[in-house]
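Here, each number is a calculation from the coordinates, and none is a lab measurement. No experiment lies behind these values; they were computed from the predicted model shown. Ideal geometry is used to build each Cβ from the backbone, glycine not excepted, and the neighbour counts take in all protein chains shown.
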Amino acid sequence: MPPGHTAETAVLLKIARELLRSLGAKRIATELRVEWNSRLKTAAGRADYRQKLISLNPRLVEHPAEIDRTLRHELAHILAQFRSGRRRISPHGSEWQQACRDLGIAGEKRCHTLPFPAKRYAPRFIYRCPNCRRDFPRVRKIKRTVACLACCRAHNRGEFDVRFRLKLLTV
């Protein structure tokens with residue numbers, strides 16, 4: 001079921017929509033989309049409630065038995081958020097666990113155990129706390145103001161404090 005095969009994708013979408021309808025989520029069922037996303041490298045799937053989109057890793061085709069389970073796992077995220085409305089919920093919390101049970105995957109784990117190799121990237125950016133001198137290596141540049149959490153907790157009751165703002169050492 002490679003990414004280009006729309007017939008197989010249509011079958012998955014049909015299954016997902018039927019499951020949602022059977023659980024009383026008719027409105028979300030009509031808006032749902034399913035895609036194969038080659039940008040997923042280590043994740044088996046991804047759910048985006050705002051976009052009403054489930055993305056699946058194309059490498060799942062190497063593990064056909066996992067496609068349905070992964071679809072239901074991601075569908076549980078969509079269903080749990082739909083049921084909770086605008087209230088913010090934990091990604092793998094009790095609402096998601098209930099949705100998993102309703103979708104027939106009781107006891108579902110947060111992470112898969114599929115052998116998707118993860119690429120390791122060397123950190124190109126090193127940030128340092130001016131107070132405790134701890135280094136924070138990062139692959140990507142930090143785009144917003146960030147402070148050392150340990151120092152903020154120790155010296156400012158956990159609130160952000162500009163005195164502990166991380167400084168970029170390397171470029």
Within segment 112-135, find all residues whose amide N lies under 14 Å from a label point positioned 7 Å from the Cα of L168 along Cα-to-beta-carbon.
124-128
Given 0.36 nm per residue, what is the gain on full extension from V11 to H63 after removing their alpha carbon distance, in nm?
17.0 nm
Among chymotrypsin sites (Phe, Trp or Tyr not before Pro) in segment 92-146, those in a DSSP loop whose Cβ has at most 16 other Cβ atoms within 10 Å are Y121
Part-to-part distance (alpha-carbon centres) for segment 148-166 and segment 21-78, which is given in Å
39
Express as a percent, rounded to the nearest 5, the fraction of DSSP beta bridges in the chain (both residues included) that run antiparallel.
75
Set K14/K141; K109/K167; K41/K143; K14/K119; K14/K143; K26/K119 screened for pairs whose C-alpha atoms are more than 32 Å apart:
K14/K141; K109/K167; K14/K119; K14/K143; K26/K119
Let's test the formula: R0 of 41 Å, r as the Cβ-Cβ distance of E18 and C111. What FRET efficiency results, to the nearest 0.05?
0.95
Dipole magnitude of the chain about its Cα centre (Cβ charges: Lys, Arg +1; Asp, Glu -1), debye to nearest 20
1140
Which one, S84, T70, L166, projects farthest toward the positive side of the charge dipole computed for segment 45-171 from Cβ point charges (K/R +1, D/E -1)?
L166
Taking 0.36 nm per residue of sequence separation and subtracting the Cα-Cα distance, how much length would be gained by fully extending the chain between C132 and T42, in nm to one decimal?
29.0 nm
Convex hull of the chain built on C-alpha atoms - directionally averaged projected area, nm²
12.8
Between Y127 and residues 5 or more places away or on another chain, which pairs have amide H atoms under 5 Å apart, with H built 1.01 Å from N, and which residues are they?
F136, R138, L169
